[in-house]
Amino acid sequence: MKAQKISELEPVEIVKQAQDAQEQLFRFRFQMGMGQFEGLKKYRILKKDRARMLTVLRDKELNAGSAAQVVEVKATAAVQKQAAKAKKSK
């Protein structure tokens, strides 16, 4: 995904996509450790895309107009993630 396309998204969407990418990277690393995964190119592309997402998100955070919105989005995403983990553990 291109950085320009990512920058057109809302911060909420970027955070969600970055979290999804992080989960996929975890699964890929786990599969590679088990010797089941051979799509190294997919792994590298996903890793770079996630880095682009985080870079665009940080850029939006540094802009004066949207800094509060990005911080709020990150806090909301963290709370939702913790709630999902608590739900899974029950």
Assuming Phe26 fulfils every condition listed in (1) at negative phi; (2) modelled with pLDDT under 90 apart from one, which condition is it? (2)
How many residues, within the range 50-73, are part of a helix (DSSP H, G or I), at pLDDT below 75, of a type outside the set (A, V, I, L, M, F, W, C) and surrounded by 14 or more Cβ atoms within 10 Å (Cβ to Cβ)? 1
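Okay, residues lined up against (1) exposed (fewer than 14 other Cβ atoms within 10 Å of the Cβ); (2) part of a helix (DSSP H, G or I):
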| position | (1), (2) |
| --- | --- |
| Met1 | no, no |
| Gln4 | yes, yes |
| Val12 | no, yes |
| Gln19 | no, yes |
| Phe26 | yes, yes |
| Met32 | no, yes |
| Gln36 | yes, no |
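The values are calculated or read from the model by the stated rules, or taken from the named source; none is laboratory data. Model, not experiment: these values are computed from the prediction. So basically every Cβ, Gly included, is an ideal-geometry build from the backbone, and we count neighbours across all protein chains shown.
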